[in-house]
Amino acid sequence: AADDVKKVAIILDPVGVNPFLTQVVDKFAEVKAAGTYPMDYSVIECADDTAWAENIRASVEEGYDLILVVGWQGADPLNEVATQFPDKAQYVIIDTVCDNPNVKSYIFKPQEAAYLIGIVAAMVSADAGKPEGPFGGVHANPGQGSFEWRYGYMEGIKSINPKVTNDDFIFNYTKSYTDAPTAKELALQQAAQGCVFINAASAVADFGTFEAALEKGFYTSGQDFDRTSPDNPNIITTQVKYTGIVAGMIIDEFFATGIQPGVVSLGLKEGVVGATYITDDGVNPRNTAVLTDAIVAKAREAADAIISGKLVIEVPLEEEYMKQ
Amino acid sequence: MRNQSNDVILRMENIVKCYGSLIANDNVSLHLNRGEILAVIGENGAGKTTLMKVLYGLEHPDKGDIYLNEKKIQIHNAAQAIANGIGMVQQHFMLFDPFTVTENIVYGKEPKKGLFFDLKKANQTISELSRKFDLPLNPTTKIQGMPVGLRQRVEILKVLYQNADIIVFDEPTAVLTPQEVHELLNTMKRLAEAGKSIIIVTHKLNEVMEVADRAMVMRLGKHVAYRNIADTSIEELSFLMVGRHLVETEIPEISPGKDILRITDLCLTRDGAVPILDHISIHVNAGEIVGIAGVSGNGQSDLVQCIFGLQKADSGQILVNGKNVFNCPVKEVRHSGMAMIPEDRFIWGSAAQASIAETAIMGHYEKPSFSKKGFLNIRTIREFAGKLVKEFSVKADSIAQKTSSLSGGNAQKLIVAREIRQNTPILIACEPTRGIDIGAIQFVHDCLVEKRSEGAAVLLVSSELSEILKLSDRIYVIYEGKINGEFKRGNVSEEELGLLMVGSKKL
Amino acid sequence: MNINANYLAVVFNSTIRMMTPILFVGLGSALCNRVFIFNIGLEGTMLTGAFAAIVANYYTGSIFISLLAAMISAMIVSWIAGIFMVKFKGAMLVVGVSINMLISGLTTFLMQIIFGVKGAYVSTDLVPLHKIDVSMLKQWPILQTMFGSLTYLDFFAFILAIILYFFLFRTVTGFRMRSVGINKVAAQSLGINADRLQIGTVAFSGLLSGIGGCLLTMGGVTMFAQNITAGRGYIAMAAATLGAAHPLGVVAGSAFFGFAQSMANMLQNSSISSQLTMALPYLATILALAIYNFAQIRRHAL
Amino acid sequence: MNSGTLRKISHFLAPISQPFIAIFLALVVGAIAIIVTGESPFNIYKIMVKGAFGSEYYLLTTLTRATPIIITGLGAAICWSSNYMGIGGEGQMIMGGFLCAVIGFHFPGPQWLKLTCAIIFSLIGSGLYSLFSAWLLDKFKMSLAISTLMLNYAGAYIAMHFVQNVFLDTTGDAKLVQTQMIDESIRLPRIVEGQKLHWGFGIAVLLVILVWFMMNRTVFGYESRMSGFNIHFCDYGGINSKKIMYGMLTLSGVICGLAGVIEVLGVNYRYTHNTYVSASYAWIGLNAALISGYNPIGIFFTSIILAGISTGGAAIARATSVPLEISTIIQGCITLFISARIAIQFRRRSRKLASPAKDGGSSGDILIPETKGEILR
Ligand SMILES: Nc1ncnc2c1ncn2[C@@H]1O[C@H](COP(=O)(O)OP(=O)(O)OP(=O)(O)O)[C@@H](O)[C@H]1O
Ligand SMILES: Nc1ncnc2c1ncn2[C@@H]1O[C@H](COP(=O)(O)OP(=O)(O)OP(=O)(O)O)[C@@H](O)[C@H]1O
Ligand SMILES: [Mg+2]
Ligand SMILES: [Mg+2]
């Protein structure tokens, strides 16, 4: 009987800091507990960038049936392993494309969620008498990896107020996923420059931004899963990315048909990304005084356009876009 | 003579101390009377320093007991030694250069005012102390840049400040100028009169005769004899130390050749103003030993460093066989045919952590037999180092041993051996016999004379007047960076030299 | 960019808050340097303090006990590091790096056991350090902004620098500490237990870094995230070196780093690439040191 | 066997035996941490050892990881042994890797030319990078520790800037800050087909021998060792100590740069921002050098052990539910104990000839009194 149990290796960054990963792991725990499928899984956290290659390769060696790589650091090594051992296991990667005929890639369109946040930011700022910004953002690192969030956010704002230019944005970087004190100070400085809304996207360091929002009264948004809280009314929404859904999809596909290589892109339409109170109802009551019905309505309109395909948001290269 | 009682203040009984397989102290016993000065003498490596370190708690004996006032005591560390009234002026000064005189002296027993270090009171105390024992010092100057004699004075005051009854001096005169030696010996006598008991380790038997009441002779880790100074002579003591009678170095008559080393108008100023070397012009001929006599601090160190390329001079000419090596790098100077025995064996002459072999090939290693095309020939290097150690009887276990494990005198012998074996036409010898025993001094003198017989030019810089007078064919006197006299062998008396050296007589 | 007086006042205020935890650790590092110890483990001990403060806060809700817990726990860890460095003659760099690794793992692990969370622990039950009321400055709003939202510990950091200055240069213990750094062999030969003094200093530097950690998790923000120190310990060591291991110099060194960092943040939105602005504080340090040393060399030459 | 050979062998093994005793002590402490998590220490350690050395695959993985550690360790050893305590290995490795990847892809001409130029220029580049701190030390008396540390950070960001803004691989989603892959024809071949281990490991072995030879059998090695012991002695002996400083620091930069080059040619085939930093290769290499007292052979084995600790740690994470943090704790314990000179003291007592009582500090100490000690002030 033990032979029938399928072994899944989930290879990812240390889970704790990143809610994006926590959701994947929680989903596996849930499915296993439910006993729907004869499945066992190992969560393999990579201590450093080199460990990705080692762990992916070792998982093949150790006889896992499904190798699920969560994160772009795994693309190169997975490519190599999938070419070398096409039949030893089935391969899935999340969050980036691995250009290999034996790998299934799931990617996201977080820019669609961020676009909605942009709309919220623009309108909240307008309500506060600052339709032209500046608009803040405290992110972890510069670079294309997280530019999809910034791009969506900027485009969303510009869609509300076309007069806004790139110069009206203030982005600062914590250089760390956990450095909350730095995030807080950066947010305070952005607030002092007049930002009414500051987009937080630096993993758990976001708690620093949240604290600053509560102290200084600007508004902010969480990331990955609903970060609104009854203790902090200034977190008015969240740009969510439900990676748990993808995990469920992968498990289902694996047991139903086996993994079908290819690229799947998931966005608002699939319900995988979204914005709290816009595409869902949120776990906490909405701060209706700030995130007014009008704003929600406007954002839902955009969401519908995106879902229906009328509005397509393609992310350009950061340098080219920022030069405009 | 002092009113020396016969009550014994200190006894060390059957001390045994081994370093690995080497027995540095082999059942040594010693007793010290109150108010007396005991000299401990012996060849290099006889174990004198080791015995003193045991007394001061810096080394732990493998066997043996120490009695203070006939009471057995345990000395595990320096703190306990100090608490028991034992103080030591070590061969290598234990001073903190950036600190002031006072800070160094009161170290470990600092006066306090509340939470704070009461520097004012400390300065006062030190002023008083220095007046009381007639050891003048400015309490607030920093140690940095102080001449050796004064540094030693700081060390002595430190011991006095600690209220030591027993004061150990390990080769205190090795680095001093004759003047300073004289003062120190007087100080010791004064201290003894004031009731302190003193142990002095030295190689200079005339000092022993002058200052000590009793002498203990050590050889190969054992004590071989006690003598009352009143009942003995230098000859007897040296016989006891070395185990044979020393023959005076023969200095054959030879006529000097042409001048191999000629220095003209060498000038050096410090900070662009203070003159250190003032138009020095000297020459050394082949087959000649030329001595430079002077009280240290009058520019001889700088002169030698400038000649050897260790320091850049302002102007002048240094001709080696007609080739000007003025301000050339050391390597070039060495290649031009010069070798040097440096004045400080641990700062310049060796590296504590290097092996004996590594120390032995410095300056040699680029010779074809030791290295070719940048690759070392380990076999010949080992052979060479082994030969040096044997020929010059350096007391060592193996050539792989660290240089720091050699006794002071043996390290010096190794350095002398190395530089003599450079086989260069010019040898500069700075304080070549500092800190070595009389047997070894004899040996080094023989080497220098032999070098001269081979036709080399030897420039001897020494603060030991007797050495200069004995070896030199010609003598220059240096005073405040100027040459203050030049004499042929036998044309000058020690007194006259002394006067020229201190500038009370001008040329 | 919107540069006005108020904004600059906020930047100044931020810079102080970012700088003081580093200052505490930097002072500890300076003391270590004075006794000839290169203590890279301060990153780990700072993290220890940051964590212990939050744990104690969680259980007791007392600021005082939290601070005490931070100091004691960091001191113990540092004391162990000191024993390894001095008694067991471990290479200081290796000991420090190992301590940092160990603490990074341990705090993350204990966070899960104690709080049942991964990543970060945030709670409204946590009591932050008191902020000093600066309403007396209300006539001067700029000053009020500049010195607002600071805790007693922020101010204490500067006072501590002065205290340590007196300690190091006016007290007997300070005197002996400096002596050990200058010549350990001599100190030992004069009956000072130099090993104990070194270990004690390392332990004390740990205590200071614990305060720095506590200030980080209960001052600036009120939370704990794994590896929240994010390299501050290393920066503090650099600040100590920059300040020539002199307590007041460390203040200048930390201020310099804070200032350079703030400049870099401001420039992040200019046309300069953000990667280059990140390199800026480090290059500025090299430049500043070069200028400073050059002036020193010139002065000595004259 | 006579006692002479025995002594020689034990002398040879000395730098290697110490880590083993220390590891044993560390494992005892680590066991406590494991018991807290409710697992059996024996089981965990078994998994760890197996995951590091237990099969051909695991062993080769460990050796792959050890390669850059060995090389940066050698780089650190040569400058530290001449008493220049730079910690710039990381920045130099980044320079080497970055330049190699960029030149190896963008240089015009046939592949062999790209490869040759990539290697030559990246080694020159990393050497110059290190030379810069030597220059700062020489001309401005700037502490090497500070300048190299700052250059590590600066180098990483400057390389990142160029990758991000000039050489970014935009063929995929461009999320990783990385350059494009060099051509297959100029990659280092694998030693065993199908395994990660590449001939870079062979280069590392060769380098161990070369560095050992350089340190112990060449004039340059002799001169630099003496300059590490006592710089005045060198000056007096006619050694140009400034030349040694520049030479040693540059050479150390070149060697650390080579570690980056080999990572590019043998493992990643491109430069990716943060890979060397996150794996701490240069730091672990420096640790290996310190632990083994700058002895190249010691560095070789210590590096493999340290790499094994990492790969074994990952194996624990794969095979059990023990969280990653626990293996981090165990790794920390092991290196902590390895650093201690407990074992040495052990050995000293049993040896016949003791070393001098107060040698300023054993070579493993970062700060050796009575030498420059410039790392501090
Ligand atoms: N190594 C990591 N550790 C922690 N969080 C990470 C990590 N990598 C990515 N993240 C996530 O990225 C967010 C911001 O980081 P980043 O700038 O890298 O954006 P991103 O990569 O687009 O986000 P995501 O990974 O969710 O798609 C954080 O909220 C966090 O969820
Ligand atoms: N730390 C040490 N390790 C090994 N051997 C040592 C050590 N210290 C001293 N020795 C050896 O012990 C012997 C006695 O040394 P010691 O220093 O006591 O001689 P000494 O009588 O003071 O000689 P000198 O007159 O040259 O100073 C010497 O052979 C020396 O090489
Ligand atoms: Mg992403
Ligand atoms: Mg002696």
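Summary table
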read-out	value
Subset of the range B:369-405 (residues that are in contact (Cβ under 8 Å) with a residue 60 or more places away in the chain and within 16 Å of ligand 4 (Cβ to nearest atom))	B:Lys395, B:Ser405
Candidate set from the range A:47-63 (those that are facing chain D (nearest Cβ under 9 Å) and within 22 Å of A:Gly258 (Cα to Cα)); member that is surrounded by the most Cβ atoms within 10 Å (Cβ to Cβ)	A:Ser59
Count - residues of the range A:1-36 that are assigned to a loop (DSSP other than H, G, I, E, B), over 25 Å from C:Leu106 (Cβ atoms) and either at pLDDT 85 or above or of a type in the set (S, T, N, Q) (or both)	3
In the range A:140-177, residue farthest from ligand 3 (Cβ to nearest atom) [restricted to those that are within 14 Å of chain D (Cβ to nearest Cβ) and in contact with a Ser or Thr (Cβ under 6 Å, 6 or more places away or on another chain)]	A:Pro142
Residue satisfying all of: in the range B:160-184; buried (at least 19 other Cβ atoms within 10 Å of the Cβ) and either free of Cβ contacts under 8 Å to residues at least 60 places away in the same chain or on the phi > 0 side of the Ramachandran plot (or both); farthest from ligand 1 (Cβ to nearest atom) among these	B:Val181
Condition met for C:Gly219 (crowded, with 21+ Cβ neighbours inside 10 Å and more than 14 Å from chain B (Cβ to nearest Cβ))	yes
Residue list for the range C:244-283, restricted to those being at the interface with chain D (Cβ under 9 Å from one of its Cβ atoms) and not β-branched (Val, Ile, Thr)	C:Ala244, C:Ala245, C:Ser273, C:Ser274, C:Gln275, C:Leu276, C:Met278, C:Ala279, C:Leu280, C:Pro281, C:Tyr282, C:Leu283
In the range C:224-243, the residues that are outside any helix (DSSP H, G or I), within 12 Å of chain A (Cβ to nearest Cβ) and surrounded by 24 or more Cβ atoms within 10 Å (Cβ to Cβ)	C:Phe224, C:Ala225, C:Gln226, C:Ile228, C:Thr229
Check on D:Ile186, more than 14 Å from chain B (Cβ to nearest Cβ), surrounded by fewer than 21 Cβ atoms within 10 Å (Cβ to Cβ) and in contact with a Leu (Cβ under 9 Å, 6 or more places away or on another chain)	yes
Hey, B:Leu38 out of contact with any His (no Cβ under 7 Å at 6 or more places or on another chain) and either within 9 Å of ligand 2 (Cβ to nearest atom) or modelled with pLDDT under 90 (or both) or not	no
Hey, D:Ser147 more than 14 Å from chain C (Cβ to nearest Cβ), buried (at least 19 other Cβ atoms within 10 Å of the Cβ) and among the small types (Gly, Ala, Ser) or not	no
Close pairs from the range B:475-487: first under 14 Å from B:Asp278 (Cβ atoms), partner among the basic types (Lys, Arg), Cβ under 7 Å, at least 6 apart	B:Asn484/B:Lys506
Matching option when the condition is surrounded by fewer than 24 Cβ atoms within 10 Å (Cβ to Cβ) and touching a Gly at 6+ places or on another chain (Cβ under 9 Å), among A:Ile245, A:Ile259	A:Ile245
Qualifying position, being buried (at least 21 other Cβ atoms within 10 Å of the Cβ) and either within 16 Å of ligand 2 (Cβ to nearest atom) or within 13 Å of chain D (Cβ to nearest Cβ) (or both), among B:Leu427, B:Leu406, B:Leu448	B:Leu406
Criterion violated by C:Tyr121 - all others in (1) in contact with a helix residue (DSSP H, G or I) (Cβ under 6 Å, 6 or more places away or on another chain); (2) more than 19 Å from C:Asn227 (Cβ to Cβ); (3) not aliphatic (A, V, I, L, M) satisfied	(2)
B:Lys72 being in a strand (DSSP E or B), away from ligand 2 (no atom under 16 Å from the Cβ), farther than 19 Å from B:Tyr226 by Cα and not small (Gly, Ala, Ser)	yes
Options D:Ile316, D:Ile231: the member that is farther than 17 Å from D:Leu74 by Cα and surrounded by fewer than 21 Cβ atoms within 10 Å (Cβ to Cβ)	D:Ile231
Qualifying residue in the range A:20-29 (condition: surrounded by 24 or more Cβ atoms within 10 Å (Cβ to Cβ) and away from ligand 3 (no atom under 16 Å from the Cβ))	no
Unmet criterion (only one of (1) part of a helix (DSSP H, G or I); (2) of a type in the set (A, V, I, L, M, F, W, C); (3) more than 10 Å from ligand 1 (Cβ to nearest atom)) for A:Ile93	(1)
Members of the range B:339-380 found to be over 24 Å from B:Val320 (Cβ atoms) and aromatic (Phe, Trp, Tyr), listed by number	B:Phe346, B:Phe375
Selected residue (criterion: surrounded by the fewest Cβ atoms within 10 Å (Cβ to Cβ)) from residues of the range D:132-144 that are more than 7 Å from every other protein chain (Cβ to nearest Cβ) and farther than 21 Å from D:Gly260 by Cα	D:Lys139
Given (1) more than 14 Å from chain C (Cβ to nearest Cβ); (2) farther than 19 Å from B:Ile198 by Cβ, number of the condition B:Ala79 does not satisfy	(1)
Of residues in the range B:85-117 being of a type in the set (Gly, Ala, Ser) and in contact (Cβ under 8 Å) with a residue 12 or more places away in the chain, the one farthest from the other protein chains (Cβ to nearest Cβ)	B:Gly85
Strands (runs of 3 or more DSSP E) within the range B:1-62 that include 1 or more residues surrounded by fewer than 18 Cβ atoms within 10 Å (Cβ to Cβ)	B:8-19, B:22-33
Of all residues in the range D:223-275 being assigned to a loop (DSSP other than H, G, I, E, B) and not small (Gly, Ala, Ser), the one that is farthest from D:Lys114 (Cα to Cα)	D:Asn230
Positions within the range B:313-356 being under 26 Å from the mean Cα position of the chain (by Cα) and charged (D, E, K, R), in sequence order	B:Arg334, B:Glu343, B:Asp344, B:Arg345
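To keep it simple, each residue is scored yes or no on (1) part of a helix (DSSP H, G or I); (2) more than 14 Å from chain B (Cβ to nearest Cβ); (3) surrounded by fewer than 19 Cβ atoms within 10 Å (Cβ to Cβ); (4) out of contact with any Cys (no Cβ under 9 Å at 6 or more places or on another chain).
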site	(1), (2), (3), (4)
C:Leu153	yes, yes, no, no
C:Ala161	yes, yes, no, yes
C:Leu164	yes, no, no, yes
C:Gly174	yes, no, no, yes
C:Gln198	yes, yes, no, no
C:Leu207	yes, yes, no, yes
C:Gly210	yes, yes, no, yes
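The values are calculated or read from the model by the stated rules, or taken from the named source; none is laboratory data. Everything numeric in this text was worked out from a predicted model, so none of it was measured. All Cβ positions, glycine included, derive from the backbone under ideal geometry; neighbour counts span all protein chains shown.
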